[in-house]
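Enquirer: A single structure is presented below for examination.
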Amino acid sequence: MLLIRDTEVEGYRGLDVFCDGGKIRDIGKNLVRPNAEIFEADGGALLPGLHDHHAHLFALAAVRRSVRCGPPEVVDDEMLTSVLRNAGDSADSWIRGIGYHESVAGMLDRHTLDAMVSDRPIRIQHRSGKMWFMNSIALQAVGMNESNGQLFRKDDWIRERLGPEVDHSADVAAASRLLASYGVTGITDATASNDADVERAWSDIDISQRVRLMGNEDLGHGALKIMLDDYALPEIDEFQQRIGAAHECGRPVAVHCVTRTELVYTLSALMEVGSLSGDRIEHASVVDESTLDLMQRVGVWVVTQPNFLAERGNQYLEDVGAQQLEFLYRAKSFLDVGIPLGGGTDAPFGGADPWAAMHAAIHRKTQSGEVIGEQEKLAPEQALAMFTSSAETPGGPPRRITPGQAADLCLLAKPWSEARGRISKDDVAMTVMAGTITYRR
């Protein structure tokens with residue numbers, strides 16, 4: 001049992017909230033529950049626990065045993081060489097790099113990496129998650145001696161070749177604790193390879209978040225995650241059949257769309273097959289006016305990552321044409337036309353802090369302070385709502401703090417009138433999942 005005293009609930013101050021059996025049981029003033037653990041909120045706002053609608057928890061856990069290989073930590077080939085050569089020992093001797101971008105040292109290959117480190121196997125993941133780069137000793141270990149060291153969409157294949165991993169449950173637990181410190185009580189794991197085996201693995205893990213899976217056909221429930229690459233699109237008939245088969249099983253689809261080509265291709269298929277409530281566009285990175293209209297007509301939901309504007313904005317300013325910048329990671333335009341908008345961090349490909357993502361949705365500033373898409377800025381309440389809708393309906397109504405609801409809560413150290421001007425993880429004072437405190441500062 002937990003009694004949160006003197007908190008602010010939906011704008012009403014000085015309330016007590018009593019939780020028992022994993023649910024909110026009572027809300028009122030001067031509640032007395034003799035056997036309950038008491039937490040003094042000191043007037044801080046009590047919010048629904050945050051839900052990250054697009055993350056990859058196992059990959060986030062792997063960050064603990066990886067080295068950063070891209071901006072802002074690493075910006076040129078000398079820095080990359082240094083971090084690789086100074087990488088610490090690992091249980092399997094591999095150096096695992098993450099976050100690489102070609103602005104550092106071009107498109108890596110085996111020879112470039114051999115010149116940096118030749119006596120330990122290296123695999124470095126591009127920050128998009130699409131490609132791994134390996135040196136020669138790594139390629140020999142996975143049986144690809146003829147490869148140039150650039151492995152596209154080979155995650156599952158590499159995992160099979162590397163064989164059983166050592167137990168990384170401690171890393172998963174640490175990642176879970178990190179999310180709890182942000183007030184996160186739930187995640188949707190958006191890994192496309194999630195299947196029945198992964199689901200069984202999840203059931204054995206004790207973490208501080210509720211987890212909703214999307215994945216492949218073998219998973220059998222939840223959204224069917226479909227990855228698209230505009231230079232290797234599937235045959236349209238095959239794509240439509242895959243969507244249709246999922247719909248027949250009552251499963252919506254969640255389609256990865258980071259280019260206009262991928263998005264239009266997906267919407268065209270959905271128009272032909274017919275959409276199902278819950279069909280999602282993941283990322284929706286570039287959406288012009290005509291595509292926005294098409295999305296509205298098809299009836300899809302959007303789960304996007306505004307944090308990329310803050311994390312990668314300077315690179316976008318260099319790589320994206322001026323006319324396209326206004327269409328990048330839109331937000332307010334979706335809400336204005338009635339498209340449900342959920343928020344995800346895409347951790348670890350983006351930072352795992354949902355407050356940073358909300359802050360980016362509000363201010364839309366790059367690292368250098370330039371604003372991308374002024375007209376797409378959200379109010380703090382709209383940004384918060386992206387992460388407080390239910391797991392089942394991202395972008396739907398924010399969850400309520402009322403008796404009978406799950407006691408998944410995020411307590412701030414300040415009332416909302418003060419916190420809304422900061423939007424920072426530093427204001428999280430306590431996190432509660434199913435009535436149990438999972439984080440307190």
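The values are calculated or read from the model by the stated rules, or taken from the named source; none is laboratory data. These figures come from a predicted structure and were not determined experimentally. So basically every Cβ, Gly included, is an ideal-geometry build from the backbone, and we count neighbours across all protein chains shown.
Enquirer: Quick check on my filter: what residues within the stretch 330-366 are polar (S, T, N, Q) and either under 19 Å from the mean Cα position of the chain (by Cα) or in a loop (DSSP other than H, G, I, E, B) (or both)?
Expert: In the first step, residues of the stretch 330-366 are kept if they are polar (S, T, N, Q); the result is 333, 345, 366.
Across the stretch 330-366, the qualifying residues are Thr345, Thr366.
Enquirer: Could you tell me whether the stretch 118-131 includes any residue that is at pLDDT 90 or above, more than 28 Å from Asp229 (Cβ to Cβ), touching a helix residue (DSSP H, G or I) at 6+ places or on another chain (Cβ under 8 Å) and loosely packed, with under 15 Cβ neighbours inside 10 Å?
Expert: yes
Enquirer: Something else about it: Just checking, does the stretch 173-184 include any residue being at pLDDT below 90 and not hydroxyl-bearing (Ser, Thr, Tyr)?
Expert: No: zero hits.
Enquirer: Under 21 Å from Gly11 (Cα atoms), outside the structural domain of Thr431 (by TED's automatic domain parsing) and assigned to a loop (DSSP other than H, G, I, E, B): is that true of Leu378 in this structure?
Expert: So Leu378 passes the test.
Enquirer: Here's another thing I want to ask about it. Enumerate the pairs (first residue in the stretch 2-23 and among the small types (Gly, Ala, Ser); second residue anywhere and part of a strand (DSSP E or B) and surrounded by 15 or more Cβ atoms within 10 Å (Cβ to Cβ)) with beta-carbon separation below 7 Å, excluding pairs fewer than 6 apart on the same chain, so at least 6 apart or on different chains.
Expert: Once the first residue is among the small types (Gly, Ala, Ser) and sits in the stretch 2-23, its partners that are part of a strand (DSSP E or B) and surrounded by 15 or more Cβ atoms within 10 Å (Cβ to Cβ) give Gly14/Asp6; Gly22/Ala406.
Enquirer: Does at least one position in the stretch 53-76 carry a residue that is over 30 Å from Leu108 (Cα atoms), part of a strand (DSSP E or B) and at pLDDT 95 or above? Can you show your working first?
Expert: Let us first name the residues in the stretch 53-76 that are over 30 Å from Leu108 (Cα atoms), namely 53.
Next cut, part of a strand (DSSP E or B) only: 53.
In the following step, the residues that additionally are at pLDDT 95 or above were identified as 53.
Yes: one or more hits.
Enquirer: Among the helices (runs of 4 or more DSSP H) confined wholly to the stretch 136-189, which include 3 or more residues that are in contact with a Phe, Trp or Tyr (Cβ under 8 Å, 6 or more places away or on another chain) and outside the structural domain of Val117 (by TED's automatic domain parsing)?
Expert: 169-181
Enquirer: Can I ask one more? Being part of a helix (DSSP H, G or I), hydrophobic (A, V, I, L, M, F, W, C) and over 16 Å from Gly129 (Cβ atoms) is the requirement here; does Leu84 meet it? Can you show your working first?
Expert: Working: part of a helix (DSSP H, G or I): yes; hydrophobic (A, V, I, L, M, F, W, C): yes; over 16 Å from Gly129 (Cβ atoms): yes.
It is true that Leu84 is part of a helix (DSSP H, G or I), hydrophobic (A, V, I, L, M, F, W, C) and over 16 Å from Gly129 (Cβ atoms).
Enquirer: Another question, if that's okay. Go through the stretch 266-285 and count every residue that is in contact with an Asp or Glu (Cβ under 7 Å, 6 or more places away or on another chain) and closer than 14 Å to His54 by Cβ.
Expert: Result for the stretch 266-285: 0.
Enquirer: Out of the stretch 265-293, which residues are crowded, with 17+ Cβ neighbours inside 10 Å, out of contact with any Phe, Trp or Tyr (no Cβ under 6 Å at 6 or more places or on another chain) and in a helix (DSSP H, G or I)?
Expert: Tyr265, Thr266, Leu267, Leu270, Val273, Thr291, Leu292
Enquirer: Would you call Ser208 more than 20 Å from Thr345 (Cβ to Cβ) and in the same structural domain as Val253 (by TED's automatic domain parsing)?
Expert: no
Enquirer: Name every residue in the stretch 13-34 that is in contact with a Phe, Trp or Tyr (Cβ under 8 Å, 6 or more places away or on another chain) and either assigned to a strand (DSSP E or B) or farther than 20 Å from Met433 by Cβ (or both), in order of residue number. Give the steps one after another, and end with the answer.
Expert: Step one: of the stretch 13-34, the residues in contact with a Phe, Trp or Tyr (Cβ under 8 Å, 6 or more places away or on another chain) are 24-27, 31, 33.
Within the stretch 13-34, Ile24, Arg25, Asp26, Ile27, Leu31 qualify.
Enquirer: Considering (1) of a type in the set (Val, Ile, Thr); (2) within 26 Å of the chain's Cα centre (by Cα); (3) surrounded by fewer than 19 Cβ atoms within 10 Å (Cβ to Cβ); (4) at pLDDT 85 or above, say which one Val166 fails and leave the rest.
Expert: The failed condition is (4).
Enquirer: On to the next question. For the stretch 87-110, what are the residues that are within 23 Å of Gln140 (Cα to Cα), in contact (Cβ under 8 Å) with a residue 40 or more places away in the chain and outside any loop (DSSP other than H, G, I, E, B)?
Expert: Residue satisfying the conditions is Ile98 alone.
Enquirer: Given the options Pro34, Pro121, name the one that is assigned by TED's automatic domain parsing to the domain that holds Thr431, without any contact (Cβ under 8 Å) to a residue 40 or more places away in the chain and out of contact with any Cys (no Cβ under 9 Å at 6 or more places or on another chain).
Expert: The conditions single out Pro34.
Enquirer: Same structure again: Would you point out which residue out of Gly421, Gly369 is in the same structural domain as Val253 (by TED's automatic domain parsing), at pLDDT 95 or above, out of contact with any strand residue (DSSP E or B) (no Cβ under 8 Å at 6 or more places or on another chain) and not in a helix (DSSP H, G or I)? Lay out the reasoning, then the answer.
Expert: On the way: Gly421 fails: in the same structural domain as Val253 (by TED's automatic domain parsing).
Sole residue among the options that is in the same structural domain as Val253 (by TED's automatic domain parsing), at pLDDT 95 or above, out of contact with any strand residue (DSSP E or B) (no Cβ under 8 Å at 6 or more places or on another chain) and not in a helix (DSSP H, G or I): Gly369.
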